[in-house]
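Here the structure is laid out as structure tokens; the discussion comes afterwards.
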Amino acid sequence: MSSERIYDPSEHVELQIYGKGWPSDEDIKLCRDFHASPWEHRLEIVMRLSDTRLRRLGRRVVYFERPDLLRGTDRDDFHAEVSRRVRGGEGDFPWMTVPRALAELDQLMAAAPAVQHGIIQALREELLAR
């Protein structure tokens, strides 16, 4: 019996990191090249990765740091995915979403002394504005 945790398959790349083994030596070299290269070369390096997890994460890094380097449709797809992940939508997300955060703020408001209601309400309004 192993004491290592067994991870269930997941659609979320963040939860796939431990379930599919280690990257190849070539992918490790490409990851080093990615971090050492100018942004204009990083997308090409990412597309040479054989590990789909690393490719997805690398493209995501390019989206967040230099979205102008992505084609318009790819950029739109990433934007829609980020929006879906933050807002919750369909599915069960293992991270904090806006609806979950609002529910937690409502619980805090119900339990907090009146003097703290203004702060909690300001947080709620800030979250809704985003």
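The values are calculated or read from the model by the stated rules, or taken from the named source; none is laboratory data. Because the structure is a prediction, the values reported are computed rather than measured. So basically every Cβ, Gly included, is an ideal-geometry build from the backbone, and we count neighbours across all protein chains shown.
Reported count of residues in region 102-122, each being touching a helix residue (DSSP H, G or I) at 6+ places or on another chain (Cβ under 6 Å) and closer than 23 Å to R85 by Cα, is 1.
Within region 29-43, take every residue that is within 21 Å of the chain's Cα centre (by Cα) and surrounded by 12 or more Cβ atoms within 10 Å (Cβ to Cβ) and give me the one that is nearest to L70 (Cα to Cα). Ranking the qualifying residues of region 29-43, first place goes to L43. Suppose we filter S83, S50, S24, S37 for residues that are within 26 Å of L128 (Cα to Cα) and outside the structural domain of A122 (by TED's automatic domain parsing); which single one remains? The unique qualifying residue is S83.
Results for (1) touching a residue at least 24 places away in the same chain (Cβ under 8 Å); (2) not aliphatic (A, V, I, L, M), shown as yes or no for each residue.
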| site | (1), (2) |
| --- | --- |
| A36 | no, no |
| W39 | yes, yes |
| R53 | yes, yes |
| G58 | yes, yes |
| R71 | no, yes |
| D76 | no, yes |
| R85 | no, yes |
